[in-house]
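I have placed the structure first, in the form of structure tokens, so that the comments after it can refer back to it.
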Amino acid sequence: MIASTPTAPYYAVIFTSLRTAGDHGYDQAAQRMVELAREQPGFLGVESARGEDGLGITVSYWRDEAAILAWKRHAEHSAIREQGRAIWYQGFHTRVCRVERSYAFAT
């Protein structure tokens, strides 16, 4: 589903990852992180996709950098991030961007 975001500016956190083989509790943890992120002040939405090759991209949208930092420091999110490093990911890259403009098309 395409996230509904407000008029720019706002922020996007782009998390690109390459998974290891097997689930090992990943799907449940990922679902929990989305649920938890939705409860955070400043959270605007999320979009995520993963290919059969294990490459995934999740983009979360936030009101401001303070909200992103609060999410990064959230205790449960930090613990899951450590599990990701140890179990679920071969590698990942996180990028934080300010969205200056956005355009949409819908039928």
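In the chain, the calculated helix contribution to ellipticity at 222 nm averages -8500 deg cm²/dmol per residue, counting -39,500 (n - 2.57) for every DSSP H run with n ≥ 4.
Classification of segment 15-99 by its C-alpha gyration tensor yields a prolate form. The axis ratio a/c (a ≥ b ≥ c) is 1.5 or more, and a/b outweighs b/c. Length gained on full extension, Arg85 to Arg63: 5.2 nm, using 0.36 nm per residue less the C-alpha separation. Taking a ≥ b ≥ c as the square roots of the eigenvalues of the Cα gyration tensor, segment 53-107 is oblate, since a/c reaches 1.5 or more and a/b is not larger than b/c. Taking amide H as placed 1.01 Å from N in the peptide plane, the amide H of Gly45 sits under 5 Å from that of Tyr61, each at least 5 places away or on another chain. Here the calculated FRET efficiency for Leu18 and Ala106, from their Cβ-Cβ distance with R0 = 35 Å, stands at 0.65, rounded to the nearest 0.05.
Read the figures in this text as sums done on the coordinates, not as results from a lab. Not measured: the values here are computed from a predicted model. For neighbour counting, all protein chains shown are included, and Cβ atoms are generated from backbone atoms with ideal geometry for every residue, glycine included.
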